[in-house]
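Down below is the structure, laid out as structure tokens.
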Amino acid sequence: MKKTDPIKVEEFIRVDHAGERGAIKIYEGQLLALNTLIKDENLKKTIEEMKVHEKEHCEYFENEIKKRKIKPTKMLPLWDLLGVGLGFGSTILGKKAAMLCTASVEEVIDKHYLSQLNQLEADEVELKKKIKKFREDEIHHKNIAYEKGATKKGIYLLLDKAIKTGSKIAISISEKI
């Protein structure tokens, strides 16, 4: 049986933990805006429902970090701040921007998880199964975001590119540090 490079597995778990925690922080920032400045109960309910999945994902990777004795990324405090800021900022720009934030992040994560699935070997059955399920959840979140108003038209295209660029940079850094 071909084995997955243990360094790769460590990087995957470190970055996936950071990413799922980042998603929670983005949703926390969005909920902060929705609980203080913006009143949209329907959007709040949608975000709260998606946040439940992210918590499940994050808990799995937190357990893997402990079980496998992997050091989480040193960037977590910065990612936490940036995540809350991105969530809050996108939400005060309006529902389309808030939902685009979710769609943009999830589009990056979809490709990221697919890449990991293609690199994991048969020795990592459980990890592969979880990443496959989490990827399906993220695709579902992306679809919800578009149903609820996400758009890439006009100025939103710039926001999409900025969010995706930031997400890809965070992934690259979190794998290594």
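The values are calculated or read from the model by the stated rules, or taken from the named source; none is laboratory data. None of these values were measured; they are calculated from a predicted model. Note that we place each Cβ from the backbone using ideal geometry, even for glycine, and neighbour counts take in every protein chain shown.
Within region 113-123, does at least one residue satisfy the condition of being assigned to a helix (DSSP H, G or I), touching a His at 6+ places or on another chain (Cβ under 7 Å), closer than 17 Å to K8 by Cβ and at pLDDT 95 or above? Checked against the condition, which is being assigned to a helix (DSSP H, G or I), touching a His at 6+ places or on another chain (Cβ under 7 Å), closer than 17 Å to K8 by Cβ and at pLDDT 95 or above, region 113-123 yields no hits at all. Do we find that I139 is closer than 21 Å to H57 by Cα, among the hydrophobic types (A, V, I, L, M, F, W, C), touching a residue at least 40 places away in the same chain (Cβ under 8 Å) and part of a helix (DSSP H, G or I) in this structure? Criteria not met by I139. If you check I131, I177 for being within 19 Å of H17 (Cα to Cα), surrounded by fewer than 20 Cβ atoms within 10 Å (Cβ to Cβ) and in contact (Cβ under 8 Å) with a residue 40 or more places away in the chain, only one passes: I177.
Within region 91-106, is even one residue polar (S, T, N, Q) and farther than 27 Å from L159 by Cα? No, region 91-106 contains no residue that is polar (S, T, N, Q) and farther than 27 Å from L159 by Cα. Annotation note: of G89, G154, G166, G83, the sole residue that is in a helix (DSSP H, G or I), farther than 20 Å from L34 by Cβ and either out of contact with any strand residue (DSSP E or B) (no Cβ under 8 Å at 6 or more places or on another chain) or at pLDDT 95 or above (or both) is G166.
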